[in-house]
1. Under the Karplus relation 6.51 cos²θ - 1.76 cosθ + 1.60, θ = phi - 60°, what is the ordered set of whole-Hz ³J(HN,Hα) values for region 94-107, x standing for Gly and Pro?
2. Normalised by the number of residues in the chain, what is the relative contact order in percent for Cα pairs under 8 Å and 6+ residues apart?
3. Output the peptides 51-57, 124-130, 71-77 sorted from most to least packed, where packing is the average of other Cβ atoms within 10 Å over each peptide's residues.
4. What order do you get for GLU157, GLU221 when you list them from fewest to most C-beta neighbours inside 10 Å?
5. Taking the alpha-carbon set of region 50-154, what are its Rg and Dmax in Å?
6. What fraction of the Cα pairs in the chain, stated in percent, has a spacing above 28 angstrom?
7. Using packing as a proxy for protection, rank 93-106, 182-195 so that the peptide with the highest average count of other Cβ atoms within 10 Å comes first.
8. Pop a pseudo-label 7 angstrom from the Cα along the beta-carbon direction at both VAL126 and GLU10 and give the gap in nm to one decimal.
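What follows is calculated from the coordinates using simple rules that are stated; it is not laboratory data. Quick caveat, the model's predicted, so the values are computed rather than measured. Here the Cβ positions follow ideal geometry from the backbone for every residue, glycine too, while neighbour counts run over all protein chains shown.
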Amino acid sequence: MRYLTELSLEAFIEAARNVPYQQISSELFPGIDLWIRRDDLIDPLISGNKAYKLIYNLLEARAQGKDTIVTCGGAWSNHIHATAAAGARFDFHTIGIIRGERPPALSAMLQDAERFGMDLHFVSRVAYRGRNDMDFLAKVGLACENFWFIPEGGANELGAKGINILADVICETSPKQFDECWVASGTGVTLGALAVGLPDRVKLTGVPVLQGEKSIRKSAERWACAKGRERHFDLVENAHHGGYGKCSLTLLSAQRKCEALGNLGLEHVYTAKLFCAAAHFAAPIDGNKLVRKNAAPKRILLLHTGGLQGRRGLAG
């Protein structure tokens with residue numbers, strides 16, 4: 001396991017270049033030369049796409065002399081967890097605006113965040129709906145010149161710029177010339193930024209982890225078009241297994257099988273849904289393989305976006 005120990009762009013890019021690719025061979029994925037980019041290994045706490053969406057935000061906050069990072073999320077937010085850990089690691093005070101009233105017992109994630117030094121600021125669900133409003137911080141009593149605000153999920157221009165690093169590094173370090181790249185999608189920032197950075201020959205597929213594929217598509221297209229480029233990508237329909245943070249027996253079964261064959265960890269919110277969708281895509285239709293005998297297998301890259309702390313959200 002690696003650690004991001006230095007807040008510098010050069011050190012971060014070097015860490016990204018050293019992220020391993022893992023090849024998977026299994027009957028779960030017939031006719032596919034399947035690889036996983038293991039960004040869960042870039043850091044145990046500031047992991048996956050969270051690290052990429054934070055790097056430029058942290059660098060800009062430091063450059064502007066901001067000593068406090070403010071962000072928002074729910075009780076199991078990977079982004080809240082990573083931001084709190086980054087604050088502790090790189091000497092920022094952090095404040096997390098948490099959706100809903102403070103519960104009698106904090107989730108394991110929020111306990112971690114407090115242990116990392118984050119101040120938790122609970123707001124009503126009604127107030128939280130205004131999280132994208134310009135005056136949101138003032139409305140929740142957190143307006144301050146020394147605060148650097150990062151939107152929910154790291155969904156700002158600097159977050160997308162960080163994902164551009166991921167796209168560049170994939171192009172630079174991939175062990176194979178991949179036909180497709182698949183990624184789980186929530187806010188649409190990672191998907192949209194990858195659409196800008198990956199070459200046109202690579203088919204990009206997003207796996208929505210929540211209900212509302214249209215809103216994810218709109219968001220991803222907005223982030224892609226922000227760079228003046230239109231790029232087609234696919235979204236897998238009905239891959240959310242009931243909604244954000246929801247689970248199904250089918251998903252749990254696929255998660256266990258994929259974890260066993262790859263000796264890797266997955267969680268039910270994002271990465272298990274990605275692998276389950278890919279396995280469903282690869283499954284034979286009416287007993288027929290997707291590819292003809294002796295045809296070259298399709299090379300697909302799955303992006304492991306970390307967030308394994310979320311596994312604890314499935315108590316029991």
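1. 10, 10, x, 8, 9, 5, x, 5, 5, x, x, 10, 6, 5
2. Relative contact order, the chain: 23 percent.
3. Those peptides, ordered most packed to least, come out 51-57, 71-77, 124-130.
4. The order, fewest Cβ neighbours first, is GLU157, GLU221.
5. 12.6, 39
6. 37
7. 182-195, 93-106
8. So the two model labels end up 5.3 nm from each other.
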